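Below is one structure, written out as structure tokens; comments come after it.
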Amino acid sequence: MLPLFAIYALWVMWFFAWLVATLVPLNAPRKLNAPEDFLYRLAVIAATLLLFTITPWPGLDVQYRLWEQTLDDDIAWRLVAVAAGAMLLAAWALAYRIFVLRRGAELVTTGPYALLRHPAYFCLMVSAFATAILFGRPSGFMGASLLSVCFVVKTLVEEARSASPAFRAYRSRSFMYLPLVGLIIYAVMRFVKRPAAPARAQAGLHEDEPPLRVAPLPLELFLDDADDAAIRETRQPPRPSQAAALSLE
């Protein structure tokens, strides 16, 4: 039970850290209007309740698990470590963004934002799925998935409404969430568009394997004795008298 208490404690600490960060006044303009922001916060609250299996429906079996046996302590603590590391990175990204914006910058493109445009959201996704795996309940995976959808939709809307040349240049050299996603898509596309294998590969030969060379069989094996004698006579060099006769002709 200790890993469960640890994961609850991590999320409580993250909630208070996020609450403190929201109280810091920033000059960054908001990309979402009031109705959109209300729907976003409502969806995040619903995702959090699903993640921790806190549902208002009494008929829902919250004790149902995807696997019967509980996870080993070693695996459970590893999941807690993944969630804790992701939350630390998210807290660092949040604090770094506040520090840079408080100094008068309009766009954060350094530190944790050098490669990822939304590192805090991505780290929270990792923490949410680690928590869902630790709980092992379908509602937890539903909550983690809904939380990820909320983050992705919010970032897509915000980026679509950011038309500054500095942001376009920053977007061209950075990734939204995870650089490995682009690499995986590139590898898959390269595999799909690969040309057809040559005939020797279809025959079961490897690229570094030399082709099979079959020695030609002697022609005498396919002839009878009379034909063999005629072929041998034609292969013998002409006699001196025959050579002289041929030269006179």
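Summary table
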| quantity | calculated |
| --- | --- |
| Odd one out for Thr53, checked against (1) at pLDDT 80 or above; (2) in a loop (DSSP other than H, G, I, E, B); (3) surrounded by 14 or more Cβ atoms within 10 Å (Cβ to Cβ); (4) in contact with a helix residue (DSSP H, G or I) (Cβ under 8 Å, 6 or more places away or on another chain) | (1) |
| For Ala120: the one exception among (1) at pLDDT below 90; (2) buried (at least 18 other Cβ atoms within 10 Å of the Cβ) | (1) |
| Residue count, the stretch 81-99 (criterion: surrounded by 18 or more Cβ atoms within 10 Å (Cβ to Cβ), without any contact (Cβ under 8 Å) to a residue 24 or more places away in the chain and not basic (Lys, Arg)) | 0 |
| Of residues in the stretch 119-144 being among the polar types (S, T, N, Q) and within 17 Å of Trp14 (Cα to Cα), the one nearest to the chain's Cα centre (by Cα) | Ser127 |
| Among the candidates Ala9, Ala34, residue that is loosely packed, with under 14 Cβ neighbours inside 10 Å, modelled with pLDDT under 90 and over 29 Å from the mean Cα position of the chain (by Cα) | Ala34 |
| Those residues of the stretch 100-117 which are in a helix (DSSP H, G or I) and either buried (at least 17 other Cβ atoms within 10 Å of the Cβ) or not charged (D, E, K, R) (or both), in sequence order | Val100, Leu101, Gly111, Pro112, Tyr113 |
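The values are calculated or read from the model by the stated rules, or taken from the named source; none is laboratory data. Everything quoted here is computed from the prediction, not taken from an experiment. Here Cβ is always computed from backbone atoms with ideal geometry, including for glycine, and neighbour counts include all displayed protein chains.
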